[in-house]
Amino acid sequence: MNTSPPFNAGELIIALAKGKLLAPALRWLQAAGYVFSDDELRSRKLMLTAAAGGMRAILVKADDVPIYVEYGIADLGIVGKDTLQESAAEVFEPLDLGFGRCKIAVAGWPAPTEKKLHLRSVVRVGTKYPQIARAYFDRIGVQAEIIALQGSVELSVLTGLADVIVDIVETGATLRENGLIVYQEILTSSARLIVNKASHKLKLAAIDRLLHMVNPS
Amino acid sequence: MMFSSPENPTLRLPPGVKDFFFAEARQRRDLEQRLKDTLAAAGFDEIITPTLEYSDVFLLAGKTGNGRNSLDEKVYRFLDRDGNLLALRADFTAQIARIAASRFAGLPAPIRLFYSGKVFRAEPHHVGRSREKWQIGFEILGADGLAADAEAVISILAGLAALEIKHVRLAIGHIGYFNGIMAQAGITGETLHNLKYLVERKDAAGLAQAAQEFSLPAAVRTALTRLPNLHGGETILVEARALAQNDISQQAVARLEALLPLIQKHPHAGNVFFDLSEVEGWGYYTGIMLRAFAAGVGEEVGAGGRYDELISRFGANLPAVGFSFDLDLLVAAIQKKA
């Protein structure tokens, strides 16, 4: 049963990623005047309503945020640039929120392996970001065999499944512990506010108010 | 059981195409008729174009100055038995440009045409985007003036009104505004392509970063980072004038300023606003950019604009403006309303 609310130009629907982006995203919304009560957050509801109205939030997996926004089920979303780029979703991204910073990098064994990679006919790449990895190796003209993995990406190099990995690097501790090094950073990521293309026109006033509240220009 | 199909691999459909039957087919024919009647009543005449063309038509139509051809990238091509490279119709306007150049010389201008039919585009199907789209559109050929721009806007509003879609918006931009900023800064080729993509996504952070990376002058950087926010009513045009002090951008703004009085008395003019960051479209647009949106549909339900130099690529000098509605997305908007 479709329970989507009727169109209301004054009410914004925002998709938020469950996980580590949720707390800073809620703080950012609070600064903009949209407060979700502790009772709402502690409940197991997947659709929350802001205390003073004007916004509803849906809580989804990070990878699903761009999908809900691209289809227009949510007008807005807060999602990492890495996830956004991987999704290739056609949405507007008017604001860099600055939190959730991380880097995506190519990493692997130190020399001599590193020195020999450019002479390979094909480089095998273990990654959770197949689109970003594919685009990077296409840009530099290297034939890459992308091996899409769900987790523990470093293991793919340690076991010989892949020659290199493309993955998030925060402190680099995991890489160091396993004897791997960063070859090249390929993307700096932070949380973005994304906006559905039609919502941007149909709820222009409410969206502009939100953007200007936090980013007066 | 919900589906009673027998299991048989030949029952499958390629991604991005659909069967319509019974009520869904009737609804499409009904909306098609309403749009055709509205356009016919406004003085447009029907044109029926072939489904197959030589591939060159779309290659020529989609050409840009920056080496990219987003239309040609989407064309379905194949060889016929004589070894000619053929294409499925990917764009009506490209075909109409070919026809206008070869057949319409000497006809009294403006020539008002409408069409209804399918275009075929190799879209990525990760979000279920259609590869076969039913478009209903119109073109006004041989008129470069404001009156034709206004007539296009009013025809779109009339079409949306005939379909009784309640929450709609028509965004009007002008590609000259962005082009002027690029020309002023001497930006071409791949850099221009990348900046345009960032403007299309209203990616202010990305634009600021790119401005730094390419060491763009401060004035250009300010204009580019502000561009994603240049949307709204008349006041936006004032800011737009101040931000881009080059002739091409100023002329673009002047054109929009002059358009306003011609459309603002229309009963649905409240649905229209300006958006100078509307720069997305095939490579042939030269003037106003038009994009329609409806509540409940995540992408534009129609798009078009002015293309004064397209037909001259085919050999006849006919300025023109046009627009096409996406019938399936209009149906989606109506179903959301119900």
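Every number in this text was worked out from the coordinates using simple rules, so none of it is lab data. Just so we're clear, the structure is a prediction, and the values are computed from it rather than from any experiment. Positions of Cβ are backbone-derived with ideal geometry, glycine not excepted, and every protein chain shown enters the neighbour counts.
Residues that are over 24 Å from B:Asn229 (Cβ atoms) and either more than 12 Å from every other protein chain (Cβ to nearest Cβ) or among the small types (Gly, Ala, Ser) (or both) within the range A:66-86 comprise A:Asp82, A:Thr83, listed in sequence order.
Here B:Asp308 passes the criteria (1) among the acidic types (Asp, Glu); (2) within 14 Å of another protein chain (Cβ to nearest Cβ); (3) touching a Gly at 6+ places or on another chain (Cβ under 8 Å) except the one numbered (2).
Only one of these is out of contact with any Gly (no Cβ under 8 Å at 6 or more places or on another chain), within 14 Å of chain B (Cβ to nearest Cβ) and either of a type in the set (A, V, I, L, M) or within 30 Å of B:Ala171 (Cα to Cα) (or both): A:Leu175, A:Leu187. Name it.
On the way: A:Leu175 fails: within 14 Å of chain B (Cβ to nearest Cβ).
Selected residue: A:Leu187, the only one of A:Leu175, A:Leu187 that is out of contact with any Gly (no Cβ under 8 Å at 6 or more places or on another chain), within 14 Å of chain B (Cβ to nearest Cβ) and either of a type in the set (A, V, I, L, M) or within 30 Å of B:Ala171 (Cα to Cα) (or both).
For the range B:281-298, taking the residues that are assigned to a loop (DSSP other than H, G, I, E, B) and in contact with a strand residue (DSSP E or B) (Cβ under 8 Å, 6 or more places away or on another chain), the one that is farthest from the other protein chains (Cβ to nearest Cβ) is identified as B:Thr286. Do you know which of the residues in the range B:98-107 that are of a type in the set (A, V, I, L, M, F, W, C) and out of contact with any Ser or Thr (no Cβ under 9 Å at 6 or more places or on another chain) is surrounded by the most Cβ atoms within 10 Å (Cβ to Cβ)? Taking the candidates together, the pick is B:Ala100. Is at least one residue of the range B:23-44 touching a Gly at 6+ places or on another chain (Cβ under 7 Å), of a type in the set (Val, Ile, Thr) and surrounded by 11 or more Cβ atoms within 10 Å (Cβ to Cβ)? Yes: the range B:23-44 contains one or more residues that are touching a Gly at 6+ places or on another chain (Cβ under 7 Å), of a type in the set (Val, Ile, Thr) and surrounded by 11 or more Cβ atoms within 10 Å (Cβ to Cβ).
The residues in the range A:166-203 that are in contact (Cβ under 8 Å) with a residue 60 or more places away in the chain, assigned to a helix (DSSP H, G or I) and over 29 Å from A:Ile67 (Cβ atoms) can be counted, and the count is 1.
Which count do you get for residues in the range B:211-240 that are more than 26 Å from B:Asn194 (Cβ to Cβ) and charged (D, E, K, R)? Don't jump to the end; show me each part of the working.
Step one: of the range B:211-240, the residues more than 26 Å from B:Asn194 (Cβ to Cβ) are B:232-235, B:237-238.
From the residues that got through so far, the ones that are charged (D, E, K, R) too are B:234.
Of the residues in the range B:211-240, 1 are more than 26 Å from B:Asn194 (Cβ to Cβ) and charged (D, E, K, R).
For first residues located in the range A:87-100 and more than 7 Å from chain B (Cβ to nearest Cβ) and aromatic (Phe, Trp, Tyr), partners that are surrounded by fewer than 23 Cβ atoms within 10 Å (Cβ to Cβ) and assigned to a loop (DSSP other than H, G, I, E, B) and lie 6+ apart or on another chain with Cβ distances below 7 Å form the pairs A:Phe99/A:Ser190. Selection of the range B:131-179 for residues being within 14 Å of chain A (Cβ to nearest Cβ) and in a loop (DSSP other than H, G, I, E, B) yields B:Ile165, B:Lys166, B:His167. Exactly one residue among B:Glu213, B:Glu190, B:Glu239 is of a type in the set (Asp, Glu), closer than 22 Å to B:Ala269 by Cβ and within 14 Å of chain A (Cβ to nearest Cβ), and that residue is B:Glu239.
In the set (1) among the small types (Gly, Ala, Ser); (2) assigned to a loop (DSSP other than H, G, I, E, B); (3) more than 16 Å from A:Pro130 (Cα to Cα), the condition left unmet by A:Ala206 is number (2).
Can you name the residue in the range B:199-231 that is in contact (Cβ under 8 Å) with a residue 60 or more places away in the chain and under 18 Å from B:Thr188 (Cα atoms) and, of all such residues, is surrounded by the most Cβ atoms within 10 Å (Cβ to Cβ)? Checked the range B:199-231; the qualifying residue surrounded by the most Cβ atoms within 10 Å (Cβ to Cβ) is B:Val199.
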